Structure formats: C-alpha cells, structure tokens
Amino acid sequence: MEPPAIERLKPEDFLRLIEKSRLGKLKIYLGHAAGVGKTYAMLEEAHRLKKAGVDVVIGWVETHGRTETEALLEGLEIIPRKQVPHGNATVEILDVDAIFKRYPTVCIIDELPFTNVEGSTHPKRYLEVHDLLLAGINVITAMNIQHLESLHDTVLRATGVDVRERVPDRFVLEADQIVNIDLTAEELRERLRLGKIYPADRAAAALENFFTEDNLNELRELALRETAAALDQRSRLGARPQPEVTEKLAVFISTNPVTTAKLLRTASRIAGRLNREWIAVYVRRKKEDPVNIPSDLQRQFMQNVQLATELGGQVTILEGENVCEALLKFCRENDVHLVVLGTTERRWWQFTRPNVLNFFLHHAPGIDLHIVDPNN
C-alpha cells in the first residue's frame, strides 16, 4: 500500500515568499537516498525561476556524472568554485564571498550536510547557507533524511549506517519550504541497475549494501513522516496561526556524551510531534562545580549543551544538592508535564546521584514519563 500523499507548497508559492521578505528564504528538497532526483528537481526549478525573470545562479551542484542532471546545467549561471590548498592537494569549496559579491536573488546550493575542509570560514555548509540567508539571498538546497541530527540513532539502528555528516533539526524545520522527492525502493534499485546513479562496479556493491529494499523502505518512511511533521508544525501560506501550546517537555541530561545524545534526540523528536517547547535540564551539586570536575567531563557536558541547542531545545542548569527535588520543582514551576528519562539513570549520571527515574515514578503525579533505554 502506497503512503498517503503529502500536502506541500507549490513552486509558485516559494516565488511569493521571495517577493514578500527582505531576509532570504530557504527551500529544501528532501530525499531518502542518493539518486531519487533532488538535484534534478532543483535544477528544473532554477530553469523555471529564470524563465519567470528571477536572477538565479548555481553556487554548488554535484551531478555525480549523471548525464540527465548535467544537461540541466546548460543555460544557468554557475559561480566558480574556490580552489584552496589542503595538505599536499588542492580542493574545491563553495565560494561564499563570490556569491555575496554577485548577490543573486536565488542561489542553488547542493549537499547541505557537507563538511568543509579545515580552514574554511565555517566547518559546515549549512552554516554558509545561514550566512547567505541573513544577507537576504534566497537559497534552494537538498539533503537526505538520514542526515537529520535527531534521526542519527534511528538510522543507525535501522540500517547499520553511522551517518557522520548531520544537520541540526532546527535549521531544517525553520525552512520556508520542504519538498519530499519520493521514489519507491524498487524504482530506485532499478535506476541503480541501469547505471543512472553509480557506475556499474559501484552499483552492484550498493545494491547489496546500503541500497537494500529494507533499508530504502525504512528511509523512505522516515522521509515521508518527517516532511509531514515539519508541515504540521508551522502554518501554511494563508493559514491561521496554530494556538499557543504552553505545556513543555523536559529531558534530564548528564555529562555522558553518548547516552545523553540519544536522550536529547528522542526528546527533540517527541517535542516536534507534539508541537511543544522542550528543555534539557541539569542539576549541578557543589562537588560538580566546573572547577572541581575533570576537564574531559566538562568538555563532554558542553558538547551535550551544544547538541541540545542545535536540536532546538533550551538548556537550564540548576544548582542544588537534592537532585530529585530540584528537578521536580523545576517541572512544577515551568509547566512541564512530560519528561524523557533513561532506564539506566543511576549508572549514566557521572556522579553518585539518587535514582531520578524511581523518584519520578513514585513522587510526580501528573507528570508523564517517556522511558528510553539508551543502550538500544
């Protein structure tokens, strides 16, 4: 049975967005695997915009040698890539300065999750895109669903692939348009067999490894769900604003980077589904003051704080000796009615702490608990 069609904004609606705002607008073509047609769709839109009289340029496009995609570059202005030394070689990077100087109305920038070489202005391409948006340049970009930060653990569990290049949920969910490029697993595998995605030698290996039918179906379902969720979270053009939701979600964090990262991603996904604000809460006792704990634990804690922020959450650090009471008091005072907790609470708090999970099970009526096993 085919999944239900997803409502989305029409291409002309993005043109209306461009015309209405002085800040740049962001459009993301989202797919579930290489070869579904994201870059092709972006280039087709570039031609439509140019025909409509819009000043559009190509900042970065990867055709991967695909003839049909390369043909669509003809007739479009391309900003040359910047050549920079890297070790004993020379590599190409997005020339952000040249784009600023050219200052087009719309810039096409492929491969949003890309990691730049050391020494670049920004370590990640999405940060470069953010700078262009702040300058008033509209950007159309593309990425695959497995690069969404909050889905890292889900993708790893479903496909066995540890995706290293990731984009924060907040960046994606704040896009003005998200378009899901859908293709069935069988159609995509057939494109592989015909050599339309990779050369024959790579295609055979891909079909046996990442591009299995099970993997593609899992990723396709994730892409469909995430696109629908993103559209549900914000108003469409001409739609009435959603009523304000005051109830919040909290997740209790520690200095353990791996376990806490899993809980943060879970909290982000649940909060997105429920359209709630969420808060990562840490209770610091006197002996856990930054001057008293090892530097590696302090560094891990700050990594967790950064991840929480990238996922769209707020971070609150409480001071107190009674951890459980401090957390419960915070929940009562801040309208928190749902808490995300790990099943191995006692073990993963880095210091000797009471069992927060047991405490909330017995002393927090009115607060729902979402219990996660961080080891799975």
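The values are calculated or read from the model by the stated rules, or taken from the named source; none is laboratory data. Everything numeric in this text was worked out from a predicted model, so none of it was measured. Heads up, the Cβs are rebuilt from the backbone with ideal geometry, glycines too, and the neighbour counts pull from every protein chain shown.
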(message) Anything in the range 41-72 that is in a helix (DSSP H, G or I), loosely packed, with under 15 Cβ neighbours inside 10 Å and within 25 Å of the chain's Cα centre (by Cα)? List them, or say none.
(response) GLU44
(request) Output the number of residues of the range 138-161 satisfying the condition of being in contact with a Pro (Cβ under 9 Å, 6 or more places away or on another chain), outside any helix (DSSP H, G or I) and either surrounded by fewer than 18 Cβ atoms within 10 Å (Cβ to Cβ) or hydroxyl-bearing (Ser, Thr, Tyr) (or both). (result) 0
(message) So, ASP131, is that one touching a residue at least 12 places away in the same chain (Cβ under 8 Å), touching a strand residue (DSSP E or B) at 6+ places or on another chain (Cβ under 6 Å) and acidic (Asp, Glu) or not?
(response) no
(request) Just need a number here: residues in the range 162-174 that are part of a loop (DSSP other than H, G, I, E, B) and either crowded, with 18+ Cβ neighbours inside 10 Å or basic (Lys, Arg) (or both). (result) 3
(request) Under 8 Å between Cβ atoms, at least 6 apart or on separate chains: pull out the pairs that start in the range 180-198 with a residue that is outside any loop (DSSP other than H, G, I, E, B) and end on any residue that is among the polar types (S, T, N, Q). (result) ASN180/THR227; ALA185/ASN217
(message) Suppose the filter is surrounded by fewer than 21 Cβ atoms within 10 Å (Cβ to Cβ), modelled with pLDDT of 90 or more and assigned to a loop (DSSP other than H, G, I, E, B); does GLY24 pass it?
(response) no
(message) Under 7 Å between Cβ atoms, which residue pairs at least 6 apart in sequence (or on different chains) link something in the range 134-146 that is under 19 Å from GLU165 (Cα atoms) and in contact (Cβ under 8 Å) with a residue 40 or more places away in the chain with a partner that is among the aromatic types (Phe, Trp, Tyr) and assigned to a strand (DSSP E or B)?
(response) ALA142/TYR29
(request) Kindly provide the set of residues from the range 199-226 that are among the charged types (D, E, K, R), surrounded by fewer than 18 Cβ atoms within 10 Å (Cβ to Cβ) and either in contact (Cβ under 8 Å) with a residue 24 or more places away in the chain or closer than 22 Å to LEU148 by Cβ (or both), ordered by number. (result) GLU213, ASP214, GLU221, ARG225
(request) Within the range 173-198, count every residue that is of a type in the set (A, V, I, L, M, F, W, C) and touching a strand residue (DSSP E or B) at 6+ places or on another chain (Cβ under 6 Å). (result) 4
(request) Restricting attention to the range 343-376, report how many residues are at pLDDT 65 or above, charged (D, E, K, R) and assigned to a loop (DSSP other than H, G, I, E, B). (result) 1
(request) Just need a number here: residues in the range 267-297 that are surrounded by fewer than 16 Cβ atoms within 10 Å (Cβ to Cβ) and touching a Ser or Thr at 6+ places or on another chain (Cβ under 8 Å). (result) 0
(message) Testing ASP289 on (1) modelled with pLDDT of 80 or more; (2) more than 30 Å from ILE181 (Cα to Cα), one condition comes back false. Which one is that?
(response) (1)
(request) Give ALA203, ALA229 a once-over and let me know the one that is within 25 Å of GLY65 (Cβ to Cβ), assigned by TED's automatic domain parsing to the domain that holds THR39 and at pLDDT below 80. (result) ALA203
(request) Output the number of the condition that SER268 fails; it satisfies all remaining conditions of (1) assigned to a helix (DSSP H, G or I); (2) modelled with pLDDT under 85; (3) assigned by TED's automatic domain parsing to the domain that holds GLU310; (4) not charged (D, E, K, R). (result) (2)
(request) Pick out the one residue from GLY75, GLY87 that is at pLDDT 95 or above, at positive phi and exposed (fewer than 13 other Cβ atoms within 10 Å of the Cβ). (result) GLY75
